[in-house]
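Below is one structure, written out as structure tokens, with a few remarks after it.
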Amino acid sequence: QMESFIITTADGKVIAIDKKHLNPEFQRADRQLYLVYGGSGASANTRGSAVFCTNLHTGENCRWERYMVMGEVKPECMPEWAKEKAEALKRANKKKNKEAER
């Protein structure tokens, strides 16, 4: 179950990329999940379309366009591994941001 991606700011939320935009080897549900960390396309009512995120499976940072996003994946609909990985990435980002402030 997904909700429209452009309703609210998506920073810190998990999204699913439409598989038609992925290489065949990544066209699996576990490879479609990304944690959003920025980009003008991650906010509602903006003209930009860039969505910066981290792949939950590989941990790689990347950029997608808003039209490639199927929607937000609610925590209750995510597999346990994805919830754990998303929380670990959020903690790591918080720690990195705190260190950068010093």
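The values are calculated or read from the model by the stated rules, or taken from the named source; none is laboratory data. Owing to the predicted nature of the structure, the values given are computational and were not obtained by experimental measurement. Cβ sites come from the backbone with ideal geometry, for glycine too, and all protein chains shown count toward neighbours. All accessible areas refer to the heavy atoms of the entire protein, side chains included, with ligands and DNA or RNA removed. Shrake-Rupley method; radii C 1.70, N 1.55, O 1.52, S 1.80 Å.
Within the range 77-84, can one find any residue that is modelled with pLDDT of 90 or more, of a type in the set (Gly, Ala, Ser), farther than 15 Å from residue 11 by Cβ and in contact with a strand residue (DSSP E or B) (Cβ under 6 Å, 6 or more places away or on another chain)?
Yes, the range 77-84 contains a residue that is modelled with pLDDT of 90 or more, of a type in the set (Gly, Ala, Ser), farther than 15 Å from residue 11 by Cβ and in contact with a strand residue (DSSP E or B) (Cβ under 6 Å, 6 or more places away or on another chain).
Which residue is farthest from the chain's Cα centre (by Cα), if the candidates are limited to the range 47-57 and must be without any contact (Cβ under 8 Å) to a residue 24 or more places away in the chain and open to solvent by 50 Å² or more (accessible area, probe 1.4 Å)?
47
Only one of 91, 63 is among the basic types (Lys, Arg), open to solvent by 70 Å² or more (accessible area, probe 1.4 Å) and under 23 Å from residue 18 (Cα atoms). Can you tell me which?
Matching residue, one of 91, 63: 63.
Under the condition of being in contact with a strand residue (DSSP E or B) (Cβ under 6 Å, 6 or more places away or on another chain) and of a type in the set (A, V, I, L, M, F, W, C), which residue from the range 35-46 is surrounded by the fewest Cβ atoms within 10 Å (Cβ to Cβ)?
Within the range 35-46, the match that is surrounded by the fewest Cβ atoms within 10 Å (Cβ to Cβ) is 36.
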